[in-house]
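The values are calculated or read from the model by the stated rules, or taken from the named source; none is laboratory data. Values in this document were obtained by computation on a predicted structure and should not be read as measured data. We place every Cβ from the backbone using ideal geometry, glycine too, and count neighbours over all the protein chains shown. Ligands, DNA and RNA are excluded from the accessible area calculation, which covers all protein heavy atoms including side chains. Shrake-Rupley method; radii C 1.70, N 1.55, O 1.52, S 1.80 Å.
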Amino acid sequence: MCRIAPRPAYLWRWNVTTLPPLVPMLVALIGGYLLGSIPVAVLVAGRRGVDPREVGDRNPGFWNVRERLGRRAAAPVFAGDTAKGVLAGLLGLLAGGAHTTGPGVVTGPSAPAAYLAVGAAMIGHAWPVFAGFRGGRSVLTFAGGVAVICPPAFVLALALLAVTFLLTRSFALGARAGVFAIPLLQLPFAPIGHVAATGALMCLIGLRFGQAALAGRRT
């Protein structure tokens, strides 16, 4: 009686550990950058005849679009820029094998890939290949990435934003409080190396604000 040999596992089940180590990182890097490069603010404002890179503070992001076109018009920018960070984080998480702890915090080989993808998305937002390398400051993209990297810290940051807003009636102050507190809020849930990596991502935001300040002095 002829017996049919079973198919080798590698033919029917994908396992990230069977891939060369560089492949998940390249997927995270390239995919994250391309996601970040989608110029949401330019696309949304452009439908109303406005280029946010040429008006206001020339930052193609939520705040500038809100100042020029109002809250309702800027809402898709807020959602889109945040979604870029979320999608990049998920891409890195999956590329690294989808390793998380109980609260959903990235861990193991997924952590470097997730951080790389979010960092690449932030770079793509700041210097987008699809918009002449003239981008924004990556704050919302960073926040979206944190929602994947460390969900508990993201939720606590939202709570801090809400409390600060209720006390000051300023969404801008609340947003700053929530974003700047993320590394501290992350400490109970992630190793110090991950917290340091989050701080490194925030340095990119600081770089973009510094560049904007220098450009303002020159004009």
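Descriptive notes on the structure:
- Selected residue (only one of Gly85, Gly92, Gly124, Gly32 is of a type outside the set (A, V, I, L, M, F, W, C), in a helix (DSSP H, G or I), open to solvent by less than 10 Å² (accessible area, probe 1.4 Å) and over 21 Å from Arg208 (Cα atoms)): Gly92
- Scanning the stretch 169-212 for residues that are free of Cβ contacts under 8 Å to residues at least 60 places away in the same chain and not in a helix (DSSP H, G or I) gives Arg169, Ser170, Ala181, Leu187, Pro188, Pro191.
- Each residue in the stretch 196-219 was checked for being among the small types (Gly, Ala, Ser) and surrounded by 14 or more Cβ atoms within 10 Å (Cβ to Cβ), and 2 pass.
- Filtered residue count, the stretch 47-77, keeping only those that are in a helix (DSSP H, G or I), under 21 Å from Trp127 (Cβ atoms) and open to solvent by 40 Å² or more (accessible area, probe 1.4 Å): 1
- Residue match in the stretch 186-195 (condition: open to solvent by 10 Å² or more (accessible area, probe 1.4 Å) and either within 27 Å of Val55 (Cα to Cα) or modelled with pLDDT under 95 (or both)): no
- Every residue from the stretch 95-120 that is assigned to a helix (DSSP H, G or I), among the hydroxyl-bearing types (Ser, Thr, Tyr) and open to solvent by 10 Å² or more (accessible area, probe 1.4 Å): Tyr115
- Selection from the stretch 139-178 of residues that are under 17 Å from Gly89 (Cα atoms) and either of a type in the set (A, V, I, L, M, F, W, C) or surrounded by fewer than 16 Cβ atoms within 10 Å (Cβ to Cβ) (or both): Val139, Leu140, Phe142, Ala143, Val146, Ala147, Val148, Ile149, Cys150, Ala153, Phe154, Val155
- Taken as a whole, the stretch 120-139 holds no residue that is without any contact (Cβ under 8 Å) to a residue 24 or more places away in the chain and farther than 24 Å from Ala41 by Cβ.
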